[in-house]
Amino acid sequence: MTKTRRTYSHEFKLEALRLVETTGKSMAQIERDLGIGEGCLRQWKKKLAADGENAFPGHGNLPPDQERLRQLERELEIVRQERDILKKAVAIFSRPSK
């Protein structure tokens, strides 16, 4: 029997972590109350501490710095292709005519 992986929104994760801070309950108790997997809150807390505002970007979304890097790599690939085309054109047009 396969178990489907549940996804949680950015707001849900932040609210769950806020519950840990504001209530006197343990992480395990809050995980049981919310019906989330064991250890999720601990992982979310580490992720929030490490990434800060960029934590939990969402499904398919990259943090801004990685998105910028992806965009620059794509632009570099286009420029390389254009350079190769121009090299071939120069080689064709620089041949002596018969």
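Only the coordinates and a few stated rules stand behind these numbers; no lab work does. In this text, all values refer to a predicted model and were calculated from it rather than measured experimentally. Quick reminder, even Gly has a Cβ in these numbers, built from the backbone with ideal geometry, and neighbours come from all protein chains shown.
With 10 angstrom as the radius, rank T7, T2, T23 by how many other C-beta atoms surround their C-beta, starting from the fewest. Spell out each step's value before the answer.
On the way: T7 8, T2 4, T23 11.
If I rank by nearby Cβ atoms, fewest first, I get T2, T7, T23.
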(message) Need one number: nm distance between label points at K87 and T22, each 7 Å from Cα along Cα→Cβ, rounded to one decimal.
(response) 6.1
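So what is the calculated 222 nm ellipticity per residue for the chain, using -39500 (n - 2.57) for each DSSP H run with n of 4 or more, over all residues, to the nearest 500 deg cm²/dmol? Can you show the working numbers first?
Numbers: 4 runs with 63 residues, N = 98.
Calculated mean residue ellipticity at 222 nm is -21000 deg cm²/dmol.
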(request) Along Cα→Cβ, 7 Å out, is where each label goes; now give me the distance between the ones at Q66 and S97 in nm to one decimal. (result) 5.6
(request) Determine, for each peptide in 80-91, 38-49, the mean count of other beta carbons within 10 angstrom over its residues, then list the peptides with the highest first. (result) 38-49, 80-91
(request) Check cross-link reach from K88 to the lysines: straight Cα distance under 21 Å, and skip same-chain residues fewer than eight apart. (result) K98
(request) Select from Q71, A91, A55 the residue farthest towards the positive end of the dipole of the chain; place +1 on Cβ of Lys and Arg, -1 on Cβ of Asp and Glu, and compute about the Cα centre. (result) A91
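Suppose every K and R has +1 on its Cβ and every D and E has -1 on its Cβ; what is the size of the dipole of the chain about the Cα centre, in Debye to the nearest 20? Present the calculation step by step, with values, prior to reporting the outcome.
Details: 20 positive and 15 negative charges, 124 e Å.
Dipole about the Cα centre, nearest 20: 600 debye.
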